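Here, each number is a calculation from the coordinates, and none is a lab measurement. As the structure is a computational prediction, the values presented were derived from the model and not from experiment. Cβ coordinates were reconstructed from backbone atoms using ideal geometry, including for glycine residues, and neighbour counts include every protein chain displayed.
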Amino acid sequence: MAGNLGKRDKALHFISRQGPVIPIQIGKELSIDTMFAGAILSELVNEGKLQVSEHLRVGGSPVYYIKWQESKLENYLKFLNENDIKTLQNLKEKGILKDRDCTPLQRVSYRIVKDFAKSLILKRDNGEKEVFWRYYLVNEDAAKQKILDMVNNKEKKETQKIVEDIKEVKIEPKKEIFEKKEVEIEKPKSRIRKEADVDIIKEFFRINGIVVWEEKVIRKDKDVNYVISFETKLGNLKYFVKFRDKKNITEGDISLAYNEAGKLPLMFLSKGELTKPAKKIINDEYKGVVFRRL
């Protein structure tokens, strides 16, 4: 027990000098195996002496650090995917962003990279909630005050505009206009079995010798995620598959699916077609993405 306590103290001392670390570094420093080093770090986290990254991973391992070393986590940004690095750079420059003003890619990214993007929820008197994002190094209290100032200034401007509009409005007598419209009788739609979509996907998997490991229904018959694998000359390949029942697949759809895929390559299936911007983003940014129209 005493030896273990000594190793924990040495680990803490090393981290205080070195900055954020991963288990393999502690293992080398203390001449112990990585698994034992990870156990020591976990104990220190449970005792509140260390912090551990939520999403950030280096070679599959989380990053451990002392609370006051948060700023040094930026040294590990390079281990995130390229798109998350870009979205975080934008958040760092702005400091605070309103969720509804973010692009689909940014909204997904900020919800994933929780070590660097922190959410703040503004609750209004009418019960509505609005989500804001702050870069993790921006002081939380200062961010809250800035958000309140932003909201109050916007409301003042809107109130002023309403008053000006009321002053300028001219009341004119209403003219009753009656239009003669032919009543259109809607033709009964033929019922299409929703199971057909599922059958198409299963048939695609069957023909291509694909094994399904996971299936997650996001929206029934509209949005489904799969984790699949299939044999190639290079060996067994594993893919994240997104199926969307949509006429036009946009760049936003591709970006969201790409982020959902995480470290797995993405295969996108749909009965619809790619828009020009979607084709461009695949060619320019997501070159490994495979799109198949069913």
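With 10 Å bins beginning at zero, the pair-distance distribution over Cα atoms of the range 2-76 amounts to 20, 61, 18, 1 %.
Derived from the Cα gyration tensor, the three semi-axes of the equivalent ellipsoid of the range 195-293 are 20, 17, 12 Å, largest first. The radius of gyration of the Cα set in the range 80-151, together with its Dmax, comes out at 12.0, 39 angstrom.
At a threshold of 8 angstrom on Cα-Cα distance, excluding pairs fewer than six apart, so keeping six or more, what relative contact order does the range 2-76 reach in percent? Don't skip to the end; give the middle numbers.
Numbers: 77 pairs, mean separation 23.3, N = 75.
Once divided by the residue count of the range 2-76, the mean separation gives 31 percent.
The modelled label-to-label distance for the pair residue 86/residue 227, using points 7 Å beyond Cα in the direction of Cβ, is 2.7 nm. Extending 7 Å from Cα along the Cβ direction at residue 153 and again at residue 28 yields two label points whose distance is 4.8 nm. Each of residue 16 and residue 247 was given a label point 7 Å from its Cα along the Cα-to-Cβ line. The distance between the two points is 6.6 nm. Toward the positive end of the charge dipole of the range 2-76, with +1 on the Cβ of Lys and Arg and -1 on the Cβ of Asp and Glu, the farthest Cα among 19, 56, 35 is that of 19.
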